[in-house]
Amino acid sequence: MRLGLWQGLLEIKQFLRSREQVMFTLAFPAILILVFGSIFTGEIGNGVKFTQYFVTGMIATGLMTAGFQSLAIQIPQERDRGVLKRLLGTPMPRWVYFAGKVLMVAFIAVLETVILLTVATLLFGLDLPDTGAKWLTFLWVSALGITACTLCGVAFSSLARTGRSAPAVVTPVALILQFISGVFFVFTSLPGWMQNVASIFPLKWMCQGLRAVFLPESFGPREPGGSYDLPKVALVLGVWCLVALVLCLTTFRWTTKRDG
Amino acid sequence: MSDSAIEVDGLRKLYGDTVAVDGLDLTVRRGEIFALLGPNGAGKTTTVEILEGYRRRDGGRVSVLGIDPAVVHGKRGTSTDPTARRWRERVGIVLQGTGEFDELTVGEVVTHFARFYPGADDPARVIDRVGLSAKTRARTHTLSGGQKRRLDVALGIVGRPELLFLDEPTTGFDPEARREFWALIRDLARGGTTVVLTTHYLQEAEALADRVGVITAGRLIAVDTPQRLGDRDSALATVSWRTPEGSWESAQSATPTALVAELAARFGGEVPGLTVSRPTLEDIYLSMITT
């Protein structure tokens, strides 16, 4: 148990010491909201600002970047550099490596969300959730979402053959999901087929769950399903966690192909 | 407890249709330094990685510290068997060019690895032993090639292994660093650690190894002490000297002492430019792998 914490601490240290990563990962959602908040200054309706809508997408994007993108790129690179092979040669229990990654992802996710919410509140007058129930929803949607993303990131890490090809494999996937899941556009303004495709993947459901937190109750009927449908959000994200977990357990590779 | 650290009997490994290791037999005694020599592609690294539990084999029997490394490897190379973990605690591995932890310091990495082992050595002492004390607070990506290699060795020995694998450990070392490294390995062996070393430096094998084994085409073709490998000790000696006319002459002899005595008599004392030499380990090795 202690070993897992130490591993997490070192992962966080490594993250904080690579300046570009810190800048891009932590500030990215905040920069996005700066751009969007400045472009869409109007209201989405009923006195609700656009910022209130887009912040949900930015939070979800941030969680996806921290969990999915960073791991799906970092793990193949570590595999290429032989870090994984070296760890495999030690008595370190295998779960410790993943515990370290999970702690790092959690650390980044919390920090970047706090930065994002702070910027959005101070500059664009974002209204934070005003009830305990909404904060609770915020918490479980984020936690379940980041879990699904993290597991998908680990599962996806087996796809890239080399560390160098990893960003090329991962970035388009992340970008397309962002476009079709209602991060950059109001989801219901997207073509129906696109909404259907997006509904397969976790990002759409993370956004929807977060809209239940940041938009008023009265906006529920504007959702594609006629309500925020939180049970379904939980269900889809939960299924993704399970599927990705099974993929992790069955496909994770510690060594490169040429290592046999 | 058996007095062999490693026993290999008829080891086979195929990559597709290619036979990488073809019926290899090998015994490494406890406490000895054993050097594996062989050209690239002869099956050295494959053999060692099977012994380390990194690869599966296709045939033969293998026992490393009394355990079959296939158990440690498990189905997908990541056995969670407690036996595997205890075995890993007793085995130190220094691979060829292993991954760095770029943004961490030497001290942090060694200290962290020490946490993996119940009987770990003091990290500061290990760092000192590999000669990196001055770099304890340096990030690993700032180290030179030779320093990184020493860090690799530090991570391999921090758990105080009974058996240490070193795969080409001194590649990129300058001569002085290499000698310091040899002293460290001798010191470990004196402390009872069994060392299995692969190297391309014949001089290194000669300086360190109690016994050397030569692998070609997936088989161990010779095992002996560096002094006796390939009948080196009984090979003809070459005696060279300068004639009174100033040209060089040399003769091969099974009885060089007699020849030198004869020369001494002929010259009436000192023989100008006299050398007596036996084939070097490198000569023997090259003749072995080319025939």
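The values are calculated or read from the model by the stated rules, or taken from the named source; none is laboratory data. Small disclaimer: the values here were computed from a predicted structure and weren't measured. Neighbour counts are summed over all protein chains in view; Cβ atoms, including those assigned to glycine, are modelled from backbone coordinates with ideal geometry.
So which helices (runs of 4 or more DSSP H) are wholly in the range A:40-90 and hold at least 2 residues that are within 14 Å of chain B (Cβ to nearest Cβ)?
Those helices (runs of 4 or more DSSP H) span A:70-81, A:83-88.
Got a sec? Which of B:T136, B:T170, B:T199 is out of contact with any Leu (no Cβ under 9 Å at 6 or more places or on another chain) and over 28 Å from A:P93 (Cα atoms)?
Selected residue: B:T170, the only one of B:T136, B:T170, B:T199 that is out of contact with any Leu (no Cβ under 9 Å at 6 or more places or on another chain) and over 28 Å from A:P93 (Cα atoms).
If a residue has to be surrounded by fewer than 17 Cβ atoms within 10 Å (Cβ to Cβ) and either away from chain B (no Cβ under 14 Å) or touching a residue at least 60 places away in the same chain (Cβ under 8 Å) (or both) to count, how many in the range A:13-33 make the cut?
Going through the range A:13-33 one residue at a time, the tally reaches 4.
Look through the range A:88-101, keep the residues that are over 27 Å from the mean Cα position of the chain (by Cα) and crowded, with 20+ Cβ neighbours inside 10 Å, and return whichever of them is farthest from B:P69 (Cα to Cα).
Among those residues, the one meeting the criterion is A:M92.
Please determine whether any residue of the range A:91-99 is within 10 Å of another protein chain (Cβ to nearest Cβ) and in contact with a strand residue (DSSP E or B) (Cβ under 7 Å, 6 or more places away or on another chain).
no
Among (1) at pLDDT 90 or above; (2) within 12 Å of chain A (Cβ to nearest Cβ); (3) touching a helix residue (DSSP H, G or I) at 6+ places or on another chain (Cβ under 9 Å), which single condition is B:G31 missing?
So the condition that B:G31 fails would be (2).
With respect to A:G47, is the statement that it is among the small types (G, A, S), touching a helix residue (DSSP H, G or I) at 6+ places or on another chain (Cβ under 6 Å), surrounded by fewer than 24 Cβ atoms within 10 Å (Cβ to Cβ) and more than 30 Å from A:S158 (Cβ to Cβ) true?
No; evaluated as a whole, the condition is false for this residue.
Quick test for you: out of A:F68, A:F40, pick the one residue that is modelled with pLDDT under 90 and not small (G, A, S).
A:F40
Go through the range A:169-187 and give me each residue that's touching a residue at least 24 places away in the same chain (Cβ under 8 Å) and in a helix (DSSP H, G or I).
Correct list: A:V169, A:V170, A:T171, A:A174, A:L177, A:Q178, A:I180, A:F187.
Taking the range B:12-43 only, how many residues are of a type in the set (S, T, N, Q) and part of a strand (DSSP E or B)?
2
Of all residues in the range B:92-144, count the ones that are out of contact with any helix residue (DSSP H, G or I) (no Cβ under 8 Å at 6 or more places or on another chain), within 30 Å of B:A5 (Cβ to Cβ) and at pLDDT below 90.
Going through the range B:92-144 one residue at a time, the tally reaches 1.
Quick check on my filter: what residues within the range A:188-226 are more than 17 Å from the chain's Cα centre (by Cα), surrounded by fewer than 16 Cβ atoms within 10 Å (Cβ to Cβ) and not in a helix (DSSP H, G or I)?
Of everything in the range A:188-226, those that are more than 17 Å from the chain's Cα centre (by Cα), surrounded by fewer than 16 Cβ atoms within 10 Å (Cβ to Cβ) and not in a helix (DSSP H, G or I) turn out to be A:P191, A:P216, A:G225, A:G226.
Counting only residues that are assigned to a helix (DSSP H, G or I) and out of contact with any Ser or Thr (no Cβ under 9 Å at 6 or more places or on another chain), which one in the range A:159-168 is surrounded by the fewest Cβ atoms within 10 Å (Cβ to Cβ)?
A:A168
Within the range B:109-133, count every residue that is of a type in the set (A, V, I, L, M, F, W, C) and either under 19 Å from B:E162 (Cβ atoms) or touching a Lys or Arg at 6+ places or on another chain (Cβ under 6 Å) (or both).
7
Within the range B:81-119, track down each residue that is of a type outside the set (A, V, I, L, M, F, W, C), outside any loop (DSSP other than H, G, I, E, B), more than 7 Å from chain A (Cβ to nearest Cβ) and more than 21 Å from B:G66 (Cα to Cα).
B:T105, B:G107, B:T111
Is there a residue being basic (K, R), modelled with pLDDT under 90 and in contact with a Gly (Cβ under 9 Å, 6 or more places away or on another chain) anywhere in the range A:47-60?
So far as the range A:47-60 goes, yes, one or more of its residues are basic (K, R), modelled with pLDDT under 90 and in contact with a Gly (Cβ under 9 Å, 6 or more places away or on another chain).
Of all residues in the range B:120-138, which are part of a loop (DSSP other than H, G, I, E, B) and crowded, with 19+ Cβ neighbours inside 10 Å?
Of everything in the range B:120-138, those that are part of a loop (DSSP other than H, G, I, E, B) and crowded, with 19+ Cβ neighbours inside 10 Å turn out to be B:V130, B:L132.
Just the residues that are of a type in the set (K, R) and either assigned to a helix (DSSP H, G or I) or more than 12 Å from B:K13 (Cβ to Cβ) (or both), please, taken from the range B:54-73.
Correct list: B:R61 only.
Condition (residue is surrounded by fewer than 18 Cβ atoms within 10 Å (Cβ to Cβ), in the same structural domain as B:I157 (by TED's automatic domain parsing) and in contact (Cβ under 8 Å) with a residue 24 or more places away in the chain) applied to the range B:88-95: is it met by at least one residue?
No, there is no match, as no residue in the range B:88-95 is surrounded by fewer than 18 Cβ atoms within 10 Å (Cβ to Cβ), in the same structural domain as B:I157 (by TED's automatic domain parsing) and in contact (Cβ under 8 Å) with a residue 24 or more places away in the chain.
Condition test on B:A20, is it more than 21 Å from the chain's Cα centre (by Cα) and modelled with pLDDT under 95?
Judged against the criteria, B:A20 is not a match.
Between residues in the range B:265-288 that are without any contact (Cβ under 8 Å) to a residue 40 or more places away in the chain and residues that are basic (K, R) and not in a helix (DSSP H, G or I), which pairs lie under 9 Å by C-beta distance while being six or more apart or on different chains?
What qualifies is B:V271/B:R242; B:P272/B:R242; B:G273/B:R242; B:L274/B:R242.
From the residues in the range B:120-176 that are in contact with a strand residue (DSSP E or B) (Cβ under 9 Å, 6 or more places away or on another chain) and on the phi > 0 side of the Ramachandran plot, which one is nearest to the other protein chains (Cβ to nearest Cβ)?
Of everything passing the filter in the range B:120-176, B:R160 is nearest to the other protein chains (Cβ to nearest Cβ).
Just name the residue that is farthest from B:V94 (Cα to Cα) out of those in the range A:91-106 that are touching a residue at least 12 places away in the same chain (Cβ under 8 Å) and outside any helix (DSSP H, G or I).
Among residues in the range A:91-106 that are touching a residue at least 12 places away in the same chain (Cβ under 8 Å) and outside any helix (DSSP H, G or I), the one farthest from B:V94 (Cα to Cα) is A:P93.
Can you pull out the residues in the range A:133-158 that are under 15 Å from A:L117 (Cβ atoms) and buried (at least 24 other Cβ atoms within 10 Å of the Cβ)?
Listed by number, the list holds a single entry, A:V141.
Please state which of the following conditions A:T250 fails to meet, knowing it meets all the rest: (1) part of a helix (DSSP H, G or I); (2) crowded, with 17+ Cβ neighbours inside 10 Å; (3) within 14 Å of chain B (Cβ to nearest Cβ).
For A:T250, the failing item is (2).
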